[in-house]
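The values are calculated or read from the model by the stated rules, or taken from the named source; none is laboratory data. It should be emphasised that the depicted structure is a prediction, and the values quoted were computed from it without experimental measurement. Quick reminder, even Gly has a Cβ in these numbers, built from the backbone with ideal geometry, and neighbours come from all protein chains shown.
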C-alpha cells in the first residue's frame, strides 16, 4: 500500500515538474522562442498525446470490457465522445487566448491577455491531469492492460509533452514585458491543475471503478480534442510546418516505446 501511494504521488507530480522545467526556459533564452523550435515542440506534444490516448487509455478501456465480446468497444466509444463534448463545452464557456492568436475565444471577458493565455493552457492541462489520475487509479484497481509501470509511462510522457508547453506559455509572457520570475510562475501555475485533477480521480477511485473504462476513454477523447482543435492547427499554420510533422513522429514513437517498455 505504501509503495502504491508513493507511486501515485510521484506519478501525479511528474507532469507538473515538466511544466516547471519548460517554464524555466525564460531564464536561459533572451528572446521569443524561435518559430522553428515552437513548431517542432508543438508537433512533439501532439505525438505524445495521441500515442498516450491510444496505447494507455483507449486500448486498456476496451480490454477491461473484453468479457462483453464485440460490445467491449461500446464503453470506450461512448466515453471518448463524452470527453470530446466535455472539452468542447469548456472551450465554449471559458474566455481564453491561444498562443499567437490576436483575439480571444469563448464569452467576452475583462480578463487580461495574460490571464486568458493562462486559461488556454489550463484547459489543455485538465484532460492530461485526468488521464494520469485515471490510469493510476486503474493500475491500483487492477484494470486489464494497466500497471503502475504503465501509469508512470503515461506520467513521464505527459511530463515530456509539458516541457514545450511550459516554454510556449512562459516565453510570450516574458516577451510581453513580464519579469522572468513572473513569467516562470505563471507558466508553472498553469500546470497545477494536473496533479489536482489527477488526485481527485484517485480519491474517488473506489466509487469510479465500475465506470473506469468510460473514464479512460473520456480522458482519451479530451486529450485528442486538444490535439485536433488546438495543437495541430497551431503547428500547421505559417511556415516550417514540416518540423511539426517530424516532431509529431518523434513524440508518437517515444510515447509508444515508453508505454510498451514500462508495462
Item to complete: State all residues of the stretch 139-173 that are in contact (Cβ under 8 Å) with a residue 40 or more places away in the chain and not in a helix (DSSP H, G or I); if no residue qualifies, say none.
Response: 143, 144, 145, 146, 147
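Give, as residue ranges, the helices (runs of 4 or more DSSP H) completely inside the stretch 209-263 that count at least 2 residues that are at pLDDT 85 or above and within 30 Å of residue 139 (Cα to Cα). Full working, then the answer.
On the way: elements: 212-226, 232-236, 241-261.
In the stretch 209-263, the matching helices (runs of 4 or more DSSP H) lie at 212-226, 241-261.
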Worksheet, complete the sentence: Per the filter on the stretch 28-63, residues under 18 Å from residue 211 (Cβ atoms) and either surrounded by fewer than 24 Cβ atoms within 10 Å (Cβ to Cβ) or without any contact (Cβ under 8 Å) to a residue 12 or more places away in the chain (or both) are 58, 59, 62, 63
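Output the number of residues of the stretch 97-106 satisfying the condition of being modelled with pLDDT of 70 or more and surrounded by 10 or more Cβ atoms within 10 Å (Cβ to Cβ). Let's see the steps before the verdict.
So the first thing to find is which residues in the stretch 97-106 are modelled with pLDDT of 70 or more, and the list is 97, 103-106.
Next, only the ones that are surrounded by 10 or more Cβ atoms within 10 Å (Cβ to Cβ) stay: 97, 104-106.
Adding up the residues that qualify gives 4.
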Response to the item:
Counting only residues that are at pLDDT 80 or above, crowded, with 24+ Cβ neighbours inside 10 Å and under 17 Å from residue 255 (Cβ atoms), the stretch 154-179 contains a total of 5
Practice prompt. Taking the residues in the stretch 180-208 that are farther than 22 Å from residue 25 by Cα and surrounded by fewer than 17 Cβ atoms within 10 Å (Cβ to Cβ) as candidates, determine which candidate is modelled with the highest pLDDT.
Written response: 196
Fill in: residue 42 modelled with pLDDT of 85 or more, in a helix (DSSP H, G or I) and in contact with a helix residue (DSSP H, G or I) (Cβ under 7 Å, 6 or more places away or on another chain)
no
